[in-house]
1. If only one of 153, 95, 87 is without any contact (Cβ under 8 Å) to a residue 12 or more places away in the chain, over 46 Å from the mean Cα position of the chain (by Cα) and in a helix (DSSP H, G or I), which one is it?
2. Among the residues of the stretch 16-26, is there at least one that is surrounded by 10 or more Cβ atoms within 10 Å (Cβ to Cβ), part of a helix (DSSP H, G or I), out of contact with any helix residue (DSSP H, G or I) (no Cβ under 8 Å at 6 or more places or on another chain) and at pLDDT 85 or above?
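The values are calculated or read from the model by the stated rules, or taken from the named source; none is laboratory data. Just so it is clear, the model here is predicted, and its values are computed rather than measured. Note: ideal-geometry Cβ built from the backbone for every residue, glycine included; neighbour counts use all protein chains shown.
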């Protein structure tokens with residue numbers, strides 16, 4: 001209280017700095033204001049800033065980990081895709097070869113069947129020709145005998 005009374009005492013007008021009780025009172029006010037501001041505003045704000053900085057640092061580290069994991073997964077999937085493409089190409093090539101082999105086998109079988117059928121038809125034709133020729137020969141013999149008999153009967 002005495003400090004307040006001294007501060008309210010009439011201040012003589014004078015120089016740049018008066019050395020009365022105002023100077024220590026102002027110093028005490030500055031220290032008190034600094035203490036209050038520090039405890040009420042700066043510490044909570046500093047804590048929020050530190051918490052936010054910690055959150056950002058943690059988020060950044062998590063993001064880097066996730067990015068590395070994504071890059072690893074991408075590399076694995078790329079490798080799996082490359083393997084799948086190679087397997088598909090191999091399967092296509094194998095299927096093409098199998099189709100080609102089946103085609104060649106079908107052609108060979110068809111040619112063999114055609115040759116057998118042609119040979120069978122040739123043999124049948126040969127048999128029928130021989131039969132026709134023998135029938136023709138017997139008819140020729142028969143006709144010649146009749147012609148000879150008629151010639152002999154006429155003469």
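1. Working: 95 fails: over 46 Å from the mean Cα position of the chain (by Cα); 87 fails: over 46 Å from the mean Cα position of the chain (by Cα).
Going through 153, 95, 87 in turn, just one is without any contact (Cβ under 8 Å) to a residue 12 or more places away in the chain, over 46 Å from the mean Cα position of the chain (by Cα) and in a helix (DSSP H, G or I): 153.
2. Going through the stretch 16-26, the residues surrounded by 10 or more Cβ atoms within 10 Å (Cβ to Cβ) turn out to be 18, 20-26.
Then drop every residue that is not part of a helix (DSSP H, G or I), which leaves 22-26.
Of the ones still in play, those that are also out of contact with any helix residue (DSSP H, G or I) (no Cβ under 8 Å at 6 or more places or on another chain) are 23, 26.
If we keep only those that are at pLDDT 85 or above as well, we get none.
No, the conditions are met nowhere in the stretch 16-26.
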